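Here the structure comes first, spelled out in structure tokens, and everything after it is commentary.
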Amino acid sequence: MEPKIDDINILIVEDDSTLTFSMSRFLAMKGIEADFARTGEEARKLLNKKEYDIAFLDMMLPDEDGMDLIPAITMAREDCK
């Protein structure tokens, strides 16, 4: 059975406020909610609290490269082990 869009947890890690605003508006128009983080540190805190199905990662965050978050994302997911 495919998950419904309401059941999908999305994390968006992006420090550009204009892009974040645009993404949140687009998703809201589709009835989709997402969590946002502006830094790798914020993303890691969210990853410790919640399991995400999809993550959109900025490659040039103020504190680290978005690619550095991939191990943290896969470690947080039971089905990625």
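Of everything in region 50-77 that's out of contact with any helix residue (DSSP H, G or I) (no Cβ under 8 Å at 6 or more places or on another chain) and of a type in the set (Val, Ile, Thr), which residue is nearest to SER24 (Cα to Cα)?
ILE54
At least 1 residues that are of a type in the set (Val, Ile, Thr) in each: list the helices (runs of 4 or more DSSP H) lying fully within region 6-81 that qualify.
Values: elements: 17-29, 40-49, 70-76.
Here the list reads 17-29, 70-76.
Taken together, the values in this text are just the output of simple stated rules run on the coordinates, not laboratory data. Everything quoted here is computed from the prediction, not taken from an experiment. Neighbour counts run over all protein chains shown; Cβ positions are idealised from the backbone, glycine included.
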